[in-house]
Every structure is written in C-alpha cells, then in structure tokens.
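The values are calculated or read from the model by the stated rules, or taken from the named source; none is laboratory data. Note that the structure is a prediction, hence the values are computed from the model and not measured. Positions of Cβ are backbone-derived with ideal geometry, glycine not excepted, and every protein chain shown enters the neighbour counts. Remember, those area values only see protein heavy atoms, side chains included, never the ligands or the DNA or RNA. Shrake-Rupley method; radii C 1.70, N 1.55, O 1.52, S 1.80 Å.
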There are 2 protein chains.
Amino acid sequence: MVLATPVGCFKSVIEEVGPFLKKGAIVTDVGSVKGRLAREMEGLMPEGVTFVGGHPIAGSDRSGIDAATENLFVGAKCIITPTEHTPEEAVRKVTELWTAIGAEVCFLSPEEHDLVFALVSHLPHLIAYTLVNTVSDVNPEYIHYAGKGFKDTTRVALSSPELWRDICFKNKENLLDLVQRFQESLTSMVDALKRNDSEELESLFEKAQRLRGKL
Amino acid sequence: MVLATPVGCFKSVIEEVGPFLKKGAIVTDVGSVKGRLAREMEGLMPEGVTFVGGHPIAGSDRSGIDAATENLFVGAKCIITPTEHTPEEAVRKVTELWTAIGAEVCFLSPEEHDLVFALVSHLPHLIAYTLVNTVSDVNPEYIHYAGKGFKDTTRVALSSPELWRDICFKNKENLLDLVQRFQESLTSMVDALKRNDSEELESLFEKAQRLRGKL
C-alpha cells in the first residue's frame, strides 16, 4: 500500500485501514517528511506488516488528479529510508517498485532525510511564501511588475498551504534550526552591504553562484 | 545611445563618451536601478543631450553575447522613468523605441521604480543567493538532493555576482528596508510554527498563494 495523503493524515489512515491489511503486506509512502513520523509509522504496523519510508523527488506546485502525468517519476530521485528494523526483502521490493517506473533510488536514514529536505525543500518553500508576503505587506499591486526572476523564485508559493503546513510542523525542529542558519547567512550579506564591503558581497554571491552551478 | 553595462559603470562611461555626443542626442539605459543614479545621470549630460531612464523587465541569469535572443523584449514590460526635467519629446522617442521591438511601456518615477524593483527583483536575488549559501554552510553535498522546487527558487543565484553587487549597492537603502520587512514576515511564520499555531501558519501560506496566483 502506498500512502499519498498529506503527511498529517498518515497516522489516522493507518489506524483505519491497518486491521484490513494482509500479513506480509508492505506499506510505503510518498511523503516529504520521514524522521520521527517514519519511526511512528513503523510502530503502528499490525503484526506481519512492514513499513518502508519512501520519498520521490518529483511533482510540482499543482495537486489533484488533473495534475497527473504518466512520466512524473522518470529520471527522478526517490529516497528510501529504511531503519535498523526494516527487513532487507521489503526494501528490495519497494526499490523495485520505484526503479520499474523510472526513478533512481537512494538511501538515507529517516533523520538525515529530514535534515536534507528541510534544507533543499522545506526552507525554500517557507522562504518563497515569505517573499510573496513581503510584497503583500509593502504593496500588493507591485506584484504586477514581477518578471521571470520573481516568478521562478516564488513558484513554489503556489503549493497547497494545507500540505506545506503539515510538512513544516512534522519537520519543525530541522526547519527552525535552518531558518536560523539562513538568517545568519542573510545577515552576513546585509553587513557587507551596510559597511560598503563590495568585495565581500561579491564573494558571497560568487560562492552561491558556484554551488548552484553544480545543479 | 543605450547604456547596457553594469550600472556601476554608467558614470564613467558617460564621462568618457559624453564629449562626443551630438546636441539633441538622447541617452537611455537598460539598468535595473534608477533613483539617485538616474538623477545623477541627468546632471552629467552635456548641454543639449537628454537622459531618459529605461528598464526592460526581460533577460535571464545568463549574460554575454551567447545569451542573445531576437525576441527578448516581445511582450516584456519596459519601465521608463522620466523626471520633472525630462522633455516630453525625449520620453516619446524612447517609448517608440521600446514599443517598436514589442515591449509594453509603463512609467514610474525613478524613486518608485527603485522601491518596486528592490521588492520584486533585488530582494529575491539576495534571498536566492542566501538560500544557496545556507546549503553551502550546512553541507554542500546536500545540493544533489535538490528537486525542481529548489532549482526554480534559486535559479537567479546563477546571475552575475558583479552585476548584482552593483545593483545592491546602488539600491542599498530600499534593499536594507525590505530585508527588514522580509525578516518581520519570516518571523511571523516562525512564531506560528514555534507556538504550534497551525491555523495561523496555513493562513500565512494561503495569503502568499493567493497573491502569487495573480501572476
């Protein structure tokens, strides 16, 4: 069974359908958060049923059946997050499922998964929502002057508020830590700007350009 | 004459070529900053030469001749920033230049222009560079887990560090004010997260989603 609801509903879905699962069944998911949630899910499985966390890095700001595309997972990374309790056989089956539809599978612990995706996904979503709200607070009419740069930078702010609210709460500790790191990095740019340190500001921009260029 | 160097070079270019400009010539530009710079440029014009600020909202993170495309300005907005000293005839000629290559012209004062573009362009660039540097500071290897969301959110961090350093310094006051507004907006999300106020966080995301949806 593949759980594909917002992560905030996983536990209630399993409480409801758990009693009807056959022995030997494998439950996996496509949720953006693992960590404590994946450990809890493991504990909620009925006897003989195995949980293997999964997270395909695919999709867009769109949701619902109209956003479906048959090639969504071709060439996409899919992270599988086994714990020390996950049977190898179950990991193998879930891996086969993803490679069969064209995804490239990697493995991370549930905890490292959550740190990585707080950094490359959850923080950018929070920041994109914040950028749009800054426009809203200054003068919402100014949004009409936005060009392609603003549109790309804030595209993920079109994503489902309910879905992303759930993700933020489920990965709260990592996200709060990383907001802190983000603010320190922003402060170093602001300080360079304030003291007219043109070399330092350019070198901070270069550092970012270099790493972004690896993608 | 159309100035299309990084904005930090405008003054030295005019000092060099100014003496060779014919009476009746119009100097315009495609720079991302106006404000005080546009007023200074106006003052630097030799007698009989008029400055009219211009800013086409087009282009990408790429620069140089290899990035040229013949339809770059078709359907793009172009902001013209006349001051109280700019002759109507010069504004008309620059407007015609832009409409002839397919752009849609709007007018803003140099000062409002700089506030608007600090908000919808310069701040997003600073934030995109900051997001990438946050990854760099935590663990640069994690960049390889980035999906489409991260790529879009940080695409503008591929932009020329030299160009954007100049823009940030030329529009420093607006940018510093807006970083402050951005931080306030981020703090309101972080506070909702910290006090587990799920309704408030969802409503902040919804506010952003609604405004972004207008683009």
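Accessible area buried by the pairing of B and A, both sides summed with a 1.4 Å probe, works out to roughly 8300 Å². Partner shielding of A:184-195 amounts to 5, given as the average count of beta-carbon atoms from other chains within 10 Å of each residue beta-carbon. At 20 °C and 1.002 mPa s, grab the translational diffusion coefficient of the protein assembly as shown from Stokes-Einstein with a Kirkwood Rh over Cα pairs, rounded to a whole number in µm² per second. Estimated diffusion coefficient is 91 µm²/s.
For the range B:1-64, divide the Cα radius of gyration by the Kirkwood radius and give the resulting Rg/Rh value with two decimals. Result for the range B:1-64 is an Rg/Rh of 0.97. For chain B, the relative contact order is 20 percent, taking Cα pairs closer than 8 Å that sit 6 or more residues apart in sequence and dividing their mean separation by the residue count. If you take the Cα centroid of the range B:113-152 and the Cα centroid of the range B:187-215, the two points sit 20 Å apart. Under a Gaussian network description of chain B, with springs only between Cα atoms under 10 Å, the residue in B:201, B:178, B:97 that fluctuates furthest is B:201.
Net charge in the neighbourhood of residue A:108 (other residues with Cβ under 10 Å of its Cβ; Lys, Arg +1, Asp, Glu -1) is -2. Sorted largest first, the spans of the alpha carbon positions of the range B:1-141 along the three principal axes are 58, 31, 30 Å. List, by residue number, every residue in the range B:145-163 with a reduction of 40 Å² or greater in accessible area between the chain on its own and the complete protein assembly, 1.4 Å probe. Output list: B:145, B:150, B:151, B:152, B:153, B:155, B:158, B:161. Across all Cα pairs in the range B:94-194, the calculated P(r) in 5 Å bins from zero up to the longest distance comes to 2, 10, 15, 16, 18, 17, 10, 5, 4, 2, 0 percent per bin. For chain B, a Gaussian network of Cα nodes joined below 10 Å ranks B:204, B:37, B:158 by mean-square fluctuation, and the top entry is B:204. Based on the Stokes-Einstein relation at 25 °C and a viscosity of 0.890 mPa s, and on the Kirkwood radius from alpha carbon pairs, the range B:57-140 is assigned a translational diffusion coefficient of 159 µm²/s.
For chain B, the share of accessible area belonging to carbon and sulfur comes to 50 percent (1.4 Å probe, ligands and nucleic acids excluded).
Between copies, the label points of residue B:11, set 7 Å from Cα on the Cα→Cβ line, lie 6.1 nm apart, reported in increasing order to one decimal in nanometres.
For the protein assembly as shown, the 222 nm mean residue ellipticity estimated from helices alone, with every DSSP H stretch of n ≥ 4 adding -39500 (n - 2.57) and the total spread over all residues, rounds to -16000 deg cm²/dmol. Residue of chain A with the smallest Cβ distance to the axis mapping A onto B, distance rounded to whole Å: A:152, 2. Build a GNM of chain B with springs between Cα atoms under 10 Å apart, and of B:77, B:11, B:148 the one that fluctuates most is B:148.
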